[in-house]
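As structure tokens, the structure follows; a few thoughts come after it.
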Amino acid sequence: DTAVSQTPKYLVTQMGNDKSIKCEQNLGHDTMYWYKQDSKKFLKIMFSYNNKELIINETVPNRFSPKSPDKAHLNLHINSLELGDSAVYFCASSQLGPGNTIYFGEGSWLTVV
Amino acid sequence: AQKVTQAQTEISVVEKEDVTLDCVYETRDTTYYLFWYKQPPSGELVFLIRRNSFDEQNEISGRYSWNFQKSTSSFNFTITASQVVDSAVYFCALTDRPSSNTGKLIFGQGTTLQVKP
């Protein structure tokens, strides 16, 4: 059983389109995250939700809107896609607490053309 | 500010060689946590180890070992007798302000390890 699963794994879309990436975790964690990995492989947090409440929003453009229907799901919707949005988006989860291990999904490769 | 530096961008070794990946961190916190993750060519991020700042005991797991030294703010990772399957990008990470309790990680730039047969 995949602990943190995200779909789709690959997504190719045109500029200006709107797309969503879905994420689910079956680890019973109360906190979920979206991280972005750029073309240089640098990883940076975008959002974090604890029990469906937003706790981190790292100066991400408004075109990115996360939604957490329950604590096992965290979806990422992106409006008006731009070329610069091409990246790998990782969903992750953990039990909130100092130093608790964060477990990542397999990543979603987004290419905007 | 919290910062993680992995100065080695790419390392190439021949199978069975030992290799050490360096990680240097900066933090003002007295309590903090360090992690290593592996990203193989298939792309997923795999958790390897977690270490808290109060536990300076080195850890060994099979061919993997970690050397945590607070005096030099380093948390280095050694692979003994490397294998082709060890080829991956390895990330060192640090909890960002554990007192804020957000779970946020600060990642290093990653080190790409290539193990040649």
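Expressed to the nearest 5 percent, the antiparallel share of DSSP beta bridges inside segment B:10-117 is 85 percent. Among the trypsin sites (Lys or Arg not before Pro) in segment B:16-110, those located in a DSSP loop and surrounded by at most 14 other Cβ atoms within 10 Å of their own Cβ are B:16, B:28, B:63.
Segment B:1-26 and segment B:52-117 have their alpha-carbon centroids 8 Å apart. For segment A:4-105, the set of chymotrypsin sites (Phe, Trp or Tyr not before Pro) satisfying both a DSSP loop assignment and a count of at most 15 other C-beta atoms within 10 Å is given as A:42. Most simply put, the protein assembly as shown has about 90% antiparallel DSSP beta bridges, counting only bridges with both residues inside it. Across chain B, the mean sequence separation of Cα contacts (distance under 8 Å, 6 or more residues apart), normalised by length, yields a relative contact order of 38 percent.
Translational diffusion of the protein assembly as shown was estimated from the Stokes-Einstein equation, with Rh taken as the Kirkwood radius over Cα pairs; at 10 °C and 1.306 mPa s the coefficient is 87 µm²/s. Rg and Dmax, both from the Cα atoms of segment A:4-91 and both in Å, are 12.5, 36.
For segment A:23-79, calculate the relative contact order in percent as a whole number, restricting contacts to Cα pairs under 8 Å that are 6 or more residues apart. Here the relative contact order equals 34 percent.
Laboratory data are not the source of any read-out in this text; all were calculated from the coordinates shown. This one's a predicted model, so the numbers in the text were calculated from it and none came from an experiment. Using ideal geometry, Cβ is built from the backbone for each residue, glycine included, and neighbour counts are taken over all protein chains shown.
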